[in-house]
Amino acid sequence: MRILTKHKELIERDANDISILWKLLQMLFYCVSAIAGYVTAHAFFMFQDLFDRRCILWATPGLEPDRKVSVAGIVNYRISSMGQPWQDRLTVSYNTQHHCSTIQIISILSCICGIVGFSFFSICGRGGYQVGIYYSPWRLVGPAILFNLCLTLLTWRSACNFQEGFHHFQYRLNGMLNQSGNEPITEYLPTSKKNTYNRLVWKYYGITKISSWVEVAAWVMGLTLLVLRVVNVTDFRLMKTSVYALETEDEEHRDESLRYRFEES
């Protein structure tokens, strides 16, 4: 018996042979990203409201210099502002509104995209060959990888932008006043909000920071799961076909008897 030919072909795996965890875990990560995106958008909105909708991220604070005046045009006096509260002399360059707008938009986008991804995977089957609402669910994996990659990069940039932008403003403010810690930020609040909202600054800052990084983690885990699904060839199996010829004593019919062997892996 000798081999005439061999053939290998990828065929769709039966959906019942695929673990449902591939679907459920993907839905879980999309659900987490949607919830975290909503929490980030809401907390960041409240954080900005504490500062009268002014974007303090990457803002540059400064103090007004001492003023000079003349009396009767003869003697110049320097009017010192040292006795004034530093808040009254503070000037801040707010040319960074686009940073806050970007963070808000990306958070809302993460929420919407998480809902869309959850919806698509919920109506699809486990994968492989399956006829249902969405024919051959494995076709969704390719676009989902690109989808998750884009959201991973956007949310990661947004989380870094918020954290580093806030630290930039805090560092500049503390350095200007020769102070350290969190007190200058709370004293920077508008006078009408100081007593009531001092603690809320750090509350909403903490919520925004944590939820934004949860967003990133959810999109990264979802992307990792999709890549593993492709590398593991979860939705397909390899079928090997071999054609054999049975050699007989009769030379005239030596190659007329063929045998096929099918192997699957």
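Hey, any idea what the orientation-averaged projected area of the convex hull of segment 25-65's Cα atoms comes to, in nm²?
Mean projected area of the Cα convex hull: 3.9 nm².
Quick check on the exposure proxy: order 105, 35 from fewest to most C-beta atoms within 10 angstrom.
The most exposed by this proxy come first: 105, 35.
Where a number appears in this text, it was derived from the coordinates with a stated rule and is not lab data. These numbers come from a predicted model, not from an experiment. Here the Cβ is made from the backbone with ideal geometry for all residues, glycine too, and neighbour counts use every protein chain on show.
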